[in-house]
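Comments concern the structure below.
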Amino acid sequence: MPHAHIIGTGSSTPERILSNKDLEGIVETTDEWITRRSGIKERRISSNAKDENATDLATQASIKALAMSGVSPQELDMIVVGTVTPERQFPSTACMVQKELKACKAAAFDISAGCSGFLYALSTVDNAVQTGNCRKALVIGVERLSGIVNWHDRGTCVLLADGAGAVVIDSVESDKGILSTHIRSDGTHWDLLYSSDGNTFVPEALEDIDLKPYHLKMEGNRLFKRAVEYMASISEEALDKNRLSSDDISLVVPHQANIRIIHALAKSLKIPMDRVYTNIHKYGNTSSATIPLALDEAYREGLVKKGDNVLLVSFGAGLTWAATLLRWTIDPLSSALAEKRQQEKIEATA
């Protein structure tokens, strides 16, 4: 049976940095309060004055992932995007990315699964690869959460941000690559994290954000408990499925929602924090984008090596939660050479 392999990663974030100190001038809060409760020091906020809409960010991340992989856009069979903040209800962000990349062969569509959107999209592509319906694919997570923030609510506006991450998938006859994907949901708890109509206030310092006509509402304390419980249980399910233990995991790349959730998850799985990748301090919670963005950075920092077992795990609105267990197969030297060659090729045809 063919296995889906990640052969390229990429990410993109807006230029503007909004620090905790900056937020002190927008809402009643302090740097110390935000850092202690979330682990976040700064986040990226997109601007309508720059090429930073959802399609732009997703496309930029995709170009980097394609460059690393050596795959051309015309070779793609599928483009699947996880997002809850598309530019418009239709057409999908995936179709807009397809247009920008000139990926004329690909089927393109979005998945809405809250912060689990990227892993739901990855699971969809993994299944398509295993059934022989897809050989090469692009999987993206992208969000512009700054446009659905209630900037009066210090409990949520300090957490959320914008960004994108992408991976290129190839079908390979081997027992490596993606070992298994696991997705779950429970709609009975939808009211712990959801969108509500109405959103009119924009801070003066952020006048050029893409404000949507709805805002996010969250029951933080109740959500925290569910997040830790569900992420731990689905991680254990993935380990059991593949007859592995936590000692076999080289790196965990969790959804970057809150540093306290990440610490609690690591404790539950009995995995030390030096084997858990975090970048929440730099980017905040970018929902569907957190895992591919973090995975890209971890790889480029040399923290993911060929043969490593990597666990990706997420939790989000729905409620949804998901896990992917994979064996890393990219060789750093060859991928660096492929990235340089493919970057030149894409820039020449863009």
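Quick one: net charge around Gly82, please, counting Lys, Arg +1 and Asp, Glu -1 for every other residue with C-beta under 12 Å from its C-beta.
-2
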Note to self: Could you order the peptides 270-276, 210-216, 289-295 from most to least packed, using the average number of other C-beta atoms within 10 Å per residue?
What the structure shows: 289-295, 210-216, 270-276
Notebook entry, point to check: What does the highest-first list of 60-69, 113-122 look like by mean Cβ count within 10 Å?
Noted result: 113-122, 60-69
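Under 14 Å from the Cβ of Arg184, count the other residues' Cβ atoms, weight Lys and Arg +1, Asp and Glu -1, and hand me the total.
Values: positive: Arg226, Lys241; negative: Asp186, Glu229, Glu236, Glu237.
After counting each charged neighbour, the total is -2.
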Next item on the list: Report the far tail of the P(r) of region 171-286, meaning the percent of Cα-Cα pairs longer than 22 Å.
Entry: 50 percent
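Using just the helices of the chain, give the 222 nm mean residue ellipticity in deg cm²/dmol: DSSP H runs with n ≥ 4 each add -39,500 (n - 2.57), and the total is spread over all residues, rounded to 500. All intermediate terms of the calculation are to be shown ahead of the outcome.
On the way: 11 runs with 121 residues, N = 350.
Computed mean residue ellipticity for the chain: -10500 deg cm²/dmol.
How big is the Cα convex hull of region 50-156 in projection, averaged over all directions, in nm²?
Computed as one quarter of the Cα hull surface, the answer is 7.5 nm².
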Next item on the list: About the Cα centre of the chain, how large is the charge dipole given +1 on each Lys and Arg Cβ and -1 on each Asp and Glu Cβ? Please answer in debye to the nearest 20.
Entry: 580 debye
Item checked: Rg [Å, one decimal], Dmax [Å, integer] - the chain, C-alpha atoms -> 18.8, 56
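Near Asn199, within a Cβ-to-Cβ distance under 15 Å, what is the net charge of the other residues, with Lys and Arg +1 and Asp and Glu -1? It would help to have the intermediate numbers written out before the result.
Numbers: positive: Arg144, Lys212, Lys217; negative: Asp153, Asp197, Glu207, Asp210.
Within the 15 Å Cβ shell, the charges total -1.
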Notebook entry, point to check: Which residue fluctuates the most in the chain, going by a Gaussian network model with Cα springs under 10 Å, if the choices are Gln256, Gln98, Gln89?
Noted result: Gln89
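Bear in mind these aren't lab numbers, they're just calculated from the coordinates by the rules spelled out. Computed from a prediction, not measured in an experiment: that's the story for all the values here. Glycine also receives a Cβ, built like all others from the backbone with ideal geometry; neighbour counts cover every protein chain displayed.
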